[in-house]
Amino acid sequence: MKKLGVIVNPVAGMGGRVGLKGSDGIEILRKARELGARPESPRRAVEALKIIAGIKEAIEVLAYPEEMGANECREAGLNPEVIGNIESGATGPEDTMEAARQMADRGVDLILFAGGDGTARNIYTAIGPGIPVLGIPAGVKIHSAVYAINPRSAGEVASLYLQNKVLDLREAEVMDIDEDAFREGRVNARLYGYLKVPVERRVQSVKSGARSEQSEVEGMAADVISNMEPDALYIIGPGTTTRSIMKQLGLKNTLLGVDVVLNRELIAGDVGENQLFKLVDQHRGGSRIVVTAIGGQGHVFGRGNQQISPRIIRLAGKNNIIVVASRDKLVALQPHPLLVDTGDPDLDQELSGYIRVVTGWEDSIMYRISNDAD
């Protein structure tokens, strides 16, 4: 009987909705809670584990105590063997590392963990590439290639692997960035090592850097600006491509945050989810959401732009989403679609289909967007 180890980082993703761009460190967590942030990982872990519950009679599940896995397993319909000890409400990276060590010692066949890049680093530090792992994406920043494209996919891939329906493994990059530099608009990414993950299309690739020629990026920005409507609110998502829009407008830009523009003037910079919702809800001239696709992964929502939450997307409307991406970036993704992982499976399904993607000055193509890698 195959053994599955379950680890949940209970505070992963707390900084995303409130615009803190991460959740590493006690002070950041305190600030996130003051801003009304709630953990993303428990709910996303349960979503993945409910799928695994479909094969519960064929596997043995080990989980770390309470909010680090046991609670989520039980909510999903699993009856785990609980190992280890924690101080509930005061867990940290050392708990994640100790959980991984104990599960490795118990001979688990796969460790399924919920978190972000910091969690992947902790697991790599604890056990290296010896035990196969798979991440449930729950963090603010997910540059590492050890995560499934969304929680549902994590559950599906884990189930297939535990049933010997996926046999091959590959080494996947464990990446992380300096969060302090990230909050200042600088991306200092570092490769920490490799973990083994199942070979399956629903496991994401490592995030790649921008490869677009500057003229292409400037053309995309000029096209978006030329089509800006009077009195409409423009939500400008993070990224180097969207930064060019702000630069051409002559406005201050938050490279790794979300800014709001009205009549080509900046009215709010580096906004959190609550502030953004109020702006969209109170504005009667309509809202547009401008986002770009992450190179190498293809995510449009759910990676680094969690401030643009499901309720904001619904309020703005599916037809008011503007995606900008170079043709090279889209060619590199083929035959796979652009991806959405908003945290709301119903919305992800609603967003699936074809969307117009701005690829240059007066140049666009229709490209498929999906909540699945197919």
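For the reader, a short list of remarks on this structure follows.
- Hey, residue 260 in contact with a Pro (Cβ under 8 Å, 6 or more places away or on another chain) and assigned to a strand (DSSP E or B) or not: no
- Only one of the numbered conditions (1) surrounded by fewer than 17 Cβ atoms within 10 Å (Cβ to Cβ); (2) under 26 Å from residue 144 (Cβ atoms); (3) not basic (Lys, Arg) is not met by residue 258, and that is (1).
- Of residues in region 318-337 being in a strand (DSSP E or B) and in contact with a helix residue (DSSP H, G or I) (Cβ under 8 Å, 6 or more places away or on another chain), the one nearest to residue 44 (Cα to Cα): 321
- Subset of region 338-374 [under 26 Å from residue 46 (Cα atoms) and assigned to a loop (DSSP other than H, G, I, E, B)]: 341, 342, 343, 344, 352, 371, 372, 373, 374
- Scanning region 223-248 for residues that are open to solvent by 30 Å² or more (accessible area, probe 1.4 Å) and either in contact with a helix residue (DSSP H, G or I) (Cβ under 9 Å, 6 or more places away or on another chain) or part of a helix (DSSP H, G or I) (or both) returns 226, 240, 243, 247, 248.
- Hits in region 261-281 (condition: open to solvent by 30 Å² or more (accessible area, probe 1.4 Å) and either small (Gly, Ala, Ser) or within 23 Å of residue 223 (Cα to Cα) (or both)): 262, 263, 264, 265, 266, 267, 269
The values are calculated or read from the model by the stated rules, or taken from the named source; none is laboratory data. From a predicted model like this one, the values you see are computed outputs, not experimental measurements. Reconstructed Cβ throughout: ideal geometry from the backbone, glycine too, with neighbour counts over all protein chains shown. These accessible areas exclude ligands, DNA and RNA; they are computed on the full protein's heavy atoms, side chains included. Shrake-Rupley method; radii C 1.70, N 1.55, O 1.52, S 1.80 Å.
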